[in-house]
1. State the three equivalent ellipsoid semi-axes of segment B:235-408, derived from the C-alpha gyration tensor as the square roots of 5 times its eigenvalues, in descending order and whole Å.
2. Compute the helix-to-body angle for B:3-45: its Cα long axis versus the longest principal axis of chain B, expressed 0 to 90° and rounded to tens.
3. Check the cysteines of chain B one by one and keep only those with no other cysteine Cβ under 4.7 Å from their own.
4. When only alpha-carbon atoms count, how far does chain B stretch along each of its three principal axes, as whole angstroms with the largest first?
5. What residues have an amide H closer than 5 Å to that of A:Gly50, excluding those fewer than 5 places away on the same chain, when H is modeled at 1.01 Å from N in the peptide plane?
6. Send over the semi-axes of segment A:275-322's equivalent ellipsoid, whole angstrom and largest first, taken as the square roots of 5 times the C-alpha gyration tensor eigenvalues.
7. For B:Gln314 and A:Ser304, what is the calculated FRET efficiency with R₀ set at 51 Å and r taken between the beta-carbons, to the nearest 0.05?
8. From the helices alone, meaning DSSP H stretches of at least four residues, give me the mean residue ellipticity at 222 nm for chain B, per-run term -39500 (n - 2.57), in deg cm²/dmol to the nearest 500.
Amino acid sequence: MDLQVLWFVLVAFFWSGYFLLEGFDFGVGMLLPFLPRDEAERSVMLRSIGPVWDGNEVWLVVAGAATFAAFPAWYAAMFSGFYIALLLVLFFLIIRVVSFEWRAKSTSRRWRTVWLWANAVGSYGASLIWGVGLSNLLYGVPLNGDGDFTGTFWDLFSPYTVLAGVAVVAIFAFHGATFLTLRTRGAFLGRASRAARILSFPAVVLGAAFLVTTVAVATNRNDKDLFPPVLPAAFGIAALVLAAILVDGRRGWAFAMTGLGAVLAVVTLFTSLYPRVMVSDPSFGNSLTVETASSAHYTLAVMSVVALITVPVVLLYQGWTYHVFRHRLGADEPEAEPAPTLATQPEV
Amino acid sequence: MTLASAVDLARLQFATTSLYHFLFVPLTLGLGPIVATFQTIWHRTGNETWLRLTRFFGTLFLINFAIGVATGLVQEFEFGMNWSTYSRFVGNVFGAPLAIEGLAAFMLESTFLGLWIFGWNRLSPRLHLATLWIAVAGTWLSAYFILVANSWMQHPVGYKIVDGEAQLTSVWALMSNGFALRAYLHVILAGLIFGSSVVLGVSCWHFLRRHRVEVFRKAAMVALIVAVPVTLLQLVVGNRFGAAVTSAQSMKIAASEAQWETCQPCGFSAFQIGGFTKDDPTPSFSITIPKLLSYMATGSFNGKVQGLNQLQAQEQSEFGPGNYMPDVRVAYWSMRAMAYMGALMFLVAAVGALLYRKQRLERARWFQRTAIVAIAFPYIAATAGWILTEMGRQPWIVQDLLKTADANSPSVSTTWLGISLSFFITLYVALLVLDVWLMRRYASLDPLAEPEDEGEPPEAAPAVSF
């Protein structure tokens with residue numbers, strides 16, 4: 001098998017893993033300010049993703065590093081070209097990472113509210129920008145002959161790419177809600193189900209619009225035929241519709257379908273991209289391709305062996321983590337990590 | 001503005017974010033195994049005190065870990081964001097250890113730390129203990145791959161240049177780069193020094209207040225058991241590492257010794273005023289220890305150390321006209337800050353161990369105050385160490401292969417850099433203030449206060465229903 005193609009598929013695989021996993025913890029983060037009625041319920045939501053969000057985020061690290069190792073020219077053009085956008089992503093991710101560990105460390109109401117919103121804003125912001133950023137790979141950005149970005153920050157925003165960003169937010173919110181219906185119980189479960197039902201509408205509508213336009217953009221701007229991109233797009237729409245239908249009764253299946261929808265959004269984008277990895281517009285000829293952007297055979301071969309060994313192991317132990325934390329959480333239980341009482345604290 | 005100032009801004013930003021990131025990384029590397037040791041002793045003996053210590057220092061570990069993770073993400077993005085030319089040039093070689101780090105190490109530490117934090121009541125005590133050790137192993141593995149990547153910039157091995165790009169020819173050479181192995185040992189020992197000095201300092205803070213003396217005596221004991229051999233070993237390893245640098249990067253060592261002319265044997269300048277520029281190569285005052293530099297740089301008291309002027313001439317004939325000398329003043333003082341701090345840390349550990357043996361540690365208030373101040377020492381030493389490592393390599397970004405001035409992102413304007421630099425400084429200062437506030441607050445808590453029910457209470461049947 002051609003290793004360049006394998007690594008294109010693997011990069012898509014890592015992004016898919018990121019959307020599947022961090023997708024729902026972003027979704028839970030988005031609902032944090034709106035769904036819970038009290039601190040106990042907020043704690044339930046945070047505990048539902050507490051053990052796993054960090055492992056989920058590593059899929060992004062791996063996607064980025066795999067791009068660096070396997071397609072240096074792609075990594076260089078994308079990360080320097082999307083400079084301000086990635087700066088914003090870093091801002092959103094940093095405040096969110098810190099919020100998880102720090103929020104419970106003080107009982108001050110204001111402190112907790114600030115970090116709650118940090119988590120939510122981080123979740124919305126990062127999801128939006130990943131949607132805008134990844135769709136720009138396909139929509140095309142101005143690149144010169146050396147593969148360097150020559151546009152401005154505002155070039156990243158077009159109706160299509162903004163739609164992509166909003167659609168990713170909507171899909172993640174829905175995905176997060178179906179996740180909560182699996183991990184909670186009691187009165188909160190009722191509200192999580194209702195939220196999932198409501199969120200299914202924007203997810204289906206915006207998700208479908210995004211997937212259809214992606215196929216259109218692929219044919220108009222990236223010299224692709226209708227087939228194959230139309231295939232994952234159609235399955236993606238079907239998955240989201242199925243999730244919306246199943247959300248009331250078959251919660252496990254509904255979650256599987258929202259996850260599949262998130263994955264197929266990535267698959268549709270990457271199928272639409274191939275064999276290019278970053279489309280150049282207006283000078284289409286400057287587009288980066290799998291062929292021109294990749295590392296040499298030896299590096300790819302080494303990396304393939306590493307991926308072949310580590311990926312199954314990672315899947316095993318991350319799967320086991322989800323097995324360990326599969327029980328439902330209720331608001332009537334003590335908090336996960338309450339701040340230690342300060343009553344006995346000596347004078348500082 | 002000129003392109004040169006874009007490079008300067010990019011350098012300033014990378015230096016700021018990396019040094020900042022490395023304030024948190026070594027404590028993760030060192031405090032992790034110490035907390036795991038506490039939990040292991042609790043597991044073996046059933047003595048509740050060790051559990052309390054596990055929770056107490058575990059909380060400090062996690063506060064610190066969070067910010068290390070958050071700022072680590074910045075590092076990965078910045079190569080592409082600010083150094084796209086560099087990324088294209090080295091991606092074949094340098095990208096591989098980064099990707100392997102993500103897959104093999106970072107996944108491990110993140111996933112298993114999540115299991116540890118939330119698994120107190122979910123996993124059997126044995127398995128729960130294992131999750132922490134696995135997470136610690138993940139952090140140590142992580143450090144290895146990152147240092148393999150960095151060491152390749154200091155001492156490139158296992159590559160060939162094809163069409164103006166470095167291509168990997170031997171992954172084995174890359175992974176077993178002698179420079180990387182020595183740097184790794186140096187960093188792991190530094191991590192253990194961070195961990196033990198924080199545990200010792202915090203314990204002394206409580207001794208000073210006569211607070212839970214019997215609990216913190218145990219913590220201080222473990223910290224000293226780690227600190228004494230590790231600080232001593234670090235002096236040896238640091239010295240040997242210096243010899244490895246001498247052979248790979250003669251210019252860096254010559255600059256760090258402000259050695260303008262080749263010498264044999266060479267005295268070690270312990271302190272000097274002046275003598276840091278080409279026009280003023282002779283210090284107006286200096287304290288020099290005969291033959292010591294020869295020994296440190298070459299392992300022999302009569303070894304030859306090349307001077308800056310000779311090396312500059314050599315490099316010019318090899319690479320063409322240009323200045324191949326790093327900033328001598330910065331190299332000289334960062335080397336000394338690191339070395340002197342290293343010696344001080346050994347002294348603190350040795351005196352502490354002596355006092356402990358004589359059972360006077362809890363009463364020696366002068367030492368307790370010293371140990372609290374000494375928490376800062378490893379931070380100063382590690383920062384100085386990286387300044388020497390990275391600034392001492394200039395003008396190269398990859399030694400002898402690519403110059404820093406040719407490595408930045410052409411598409412990133414000085415305006416963008418201005419925005420990002422102010423952004424990082426603002427955000428990082430805010431995070432540091434909050435981090436220090438949280439660390440202080442949690443370091444001063446009572447470890448015997450009612451146990452906090454971390455993790456989730458055991459209950460409820462599995463609930464996934466398809």
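1. Details: eigenvalues 244, 66, 40 Å².
Square roots of five times the eigenvalues give 35, 18, 14 Å.
2. Its long axis makes an angle of about 30 degrees.
3. Singleton cysteines: B:Cys204.
4. That works out to 72, 64, 41 Å along the principal axes.
5. Those qualifying (amide H under 5 Å, at least 5 residues apart or on another chain) number zero.
6. Numbers: eigenvalues 220, 53, 4 Å².
With the √(5λ) rule applied to segment A:275-322, the semi-axes are 33, 16, 5 Å.
7. Values: r = 41 Å, r/R0 = 0.81.
Plugging the Cβ-Cβ distance into 1/(1 + (r/R0)^6) gives 0.80.
8. On the way: 15 runs with 320 residues, N = 466.
Calculated mean residue ellipticity at 222 nm is -24000 deg cm²/dmol.
Just so you know, all these numbers are worked out from the coordinates, no wet-lab data involved. For clarity, every value in this text was computed on a predicted model and none was experimentally measured. Cβ coordinates were reconstructed from backbone atoms using ideal geometry, including for glycine residues, and neighbour counts include every protein chain displayed.
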